[in-house]
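Every read-out reported here was derived from the displayed coordinates using simple, explicitly stated rules and does not represent laboratory data. What you see is a predicted model, and the numbers here were worked out from it, not measured in a lab. So basically every Cβ, Gly included, is an ideal-geometry build from the backbone, and we count neighbours across all protein chains shown.
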Amino acid sequence: MKRLMEVLVNFLLKKQILKLSYIENSFFLYKKLDKKIKLTPTIIALNYSSESPYSSINSSMYSIIDNKNLYLWFTKEKDSRYLPEAYIIFRKLLQKYQSIICIVKGSSNKVVVIKNSIILAVFSKHTISKQDIKLMKNEYQIDDTIILTEEEYVNYLEKSFKFLTINDLFNILNIKIDIKEFFNKAVSFLALPLLISSIFITLLLAGYSFYLGDKREKLHKKFKYNQQSNREVKRSIVHNENENEIYKELLNEFKYVDKTVALSNILRITDDSNMTMFYIKLYNQNIDFIVNTSNSKSIPLYIKKLFETNQFEDVKNLNTRKIRDSIVEVTMNAKLKEVK
């Protein structure tokens with residue numbers, strides 16, 4: 001909306017439907033209205049034209065009403081619609097400040113005074129000293145000031161167009177819209193088309209309702225069919241998963257060297273080494289076993305013989321402990337080789 005307003009104001013200025021009214025070429029007055037009322041340009045002219053500092057023959061007055069605030073500008077030029085630069089700056093400053101004294105430094109210094117979101121004063125002055133600024137702050141009881149150079153102000157003014165409202169333009173262009181009258185005319189104009197449209201919409205909705213009912217029935221049948229299909233697919237998946245588990249077990253079984261031969265070799269070497277097999281367990285790649293011996297020094301040779309069978313990837317002595325006089329218990333683990 002802001003971008004649209006910026007384009008619209010630029011267009012109106014370019015086509016000279018509106019002209020900029022500069023602060024140094026106009027005289028400003030602020031009036032507080034007792035209540036929010038509709039004032040026509042004629043009533044405003046009758047009540048306030050006498051307060052113009054210019055001759056009524058070659059001058060004009062334009063106004064903006066904002067709630068209970070009446071802003072008046074008088075200018076020497078006649079018969080033109082003016083967009084006051086002070087009001088443009090006012091709309092921009094309101095985005096950040098409620099009360100502010102804005103000063104634009106230049107050959108003719110511009111001043112805009114805003115208090116409690118109302119324009120109280122707009123004027124130009126050839127020189128503005130620090131003392132002048134101090135006096136203005138005291139007079140209007142405002143602490144904040146913003147001071148712009150002429151170069152800064154040109155850019156600042158252009159960026160302010162987008163903050164104007166459509167009501168501002170209606171005020172400036174003297175466009176009055178009677179909402180009640182507009183609504184009544186619109187209703188009368190649209191009465192017949194609306195009647196025809198309502199009949200058409202009723203028929204359309206009836207047809208659409210029938211279409212939805214038919215579509216709902218088809219979807220229900222499709223849903224029941226899909227449910228049956230989903231159950232069959234689920235059973236197939238479970239069956240395949242079970243077969244996969246069996247396959248994995250078989251694959252794991254043939255992944256390593258012959259387990260029966262490996263177990264036979266362990267038992268044979270245990271017996272040849274005058275050791276006693278106390279416990280043995282085979283799982284996956286591992287064979288855990290416990291042997292008892294009366295000669296602990298023979299354990300390294302025992303492990304060497306296991307390796308020489310060329311069936312084990314690794315053989316470890318996990319633990320050796322003396323269980324009674326001259327008897328040692330050895331806990332071992334052997335890992336089967338994978339088949340290449």
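Please report, in debye to the nearest 20, how large the charge dipole of segment 259-336 is about its Cα centre when each Lys and Arg carries +1 at its beta carbon and each Asp and Glu carries -1 there.
On the way: 11 positive and 8 negative charges, 25 e Å.
Roughly 120 debye, rounded to the nearest 20.
Check the straight Cα-Cα distances from LYS297 and name the lysines below 17 Å, setting aside those fewer than 8 residues away within the same chain.
LYS305, LYS316, LYS322
Classify segment 2-44: rounded, prolate or oblate, from the alpha-carbon gyration tensor (a ≥ b ≥ c, eigenvalue square roots; a/c under 1.5 rounded; otherwise prolate if a/b is larger than b/c)? It would help to have the intermediate numbers written out before the result.
Values: a/c = 2.31, a/b = 1.62, b/c = 1.42.
The shape class here is prolate.
Which entries of LYS68/LYS105; LYS110/LYS162; LYS281/LYS304; LYS76/LYS115; LYS36/LYS76 show an alpha-carbon separation above 23 angstrom in the structure shown?
On the way: LYS68/LYS105 31 Å; LYS110/LYS162 21 Å; LYS281/LYS304 21 Å; LYS76/LYS115 28 Å; LYS36/LYS76 29 Å.
Cα-Cα > 23 Å for LYS68/LYS105; LYS76/LYS115; LYS36/LYS76; rest within.
Measure out, as a whole number of angstrom, how far apart the alpha-carbon centroids of segment 4-41 and segment 262-283 sit.
108 Å
Rounded, prolate or oblate: which one fits segment 299-340, using the alpha carbon gyration tensor with axes a ≥ b ≥ c (rounded when a/c is under 1.5, else prolate when a/b beats b/c, else oblate)? All intermediate terms of the calculation are to be shown ahead of the outcome.
Details: a/c = 4.76, a/b = 2.45, b/c = 1.94.
The shape class here is prolate.
For segment 275-326, treating each Cα as an identical point scatterer without solvent, what Debye log10 I(q)/I(0) comes out at q = 0.29 1/Å?
-1.43
Measuring from a point 7 Å past the Cα of LEU20 along Cα-to-C-beta, which residues in segment 151-169 have an amide N at less than 19 Å?
The answer is 151-165, 169.
In straight Cα distance, which lysines are under 20 Å from LYS340, not counting same-chain residues fewer than 8 positions off?
LYS248, LYS255, LYS259
Tell me whether segment 76-142 comes out rounded, prolate or oblate; compute the Cα gyration tensor, take square roots of the eigenvalues as a ≥ b ≥ c, and use a/c under 1.5 as the rounded threshold.
Values: a/c = 2.16, a/b = 1.24, b/c = 1.73.
The shape class here is oblate.
Neighbour counts of other C-beta atoms within 10 Å: give me SER63, SER107 arranged from fewest to most.
Going from least to most buried by this count: SER107, SER63.
Hey, rough spin-label estimate for LYS340 and LYS68, points 7 angstrom out along Cα→Cβ, what's it come to in nanometres?
Distance between the two pseudo-spin positions: 10.3 nm.
What distance in nm separates the two pseudo spin-label positions at GLU77 and LYS255, each 7 Å out from Cα along the beta-carbon direction?
With each label point 7 Å from Cα toward Cβ, the separation is 9.3 nm.
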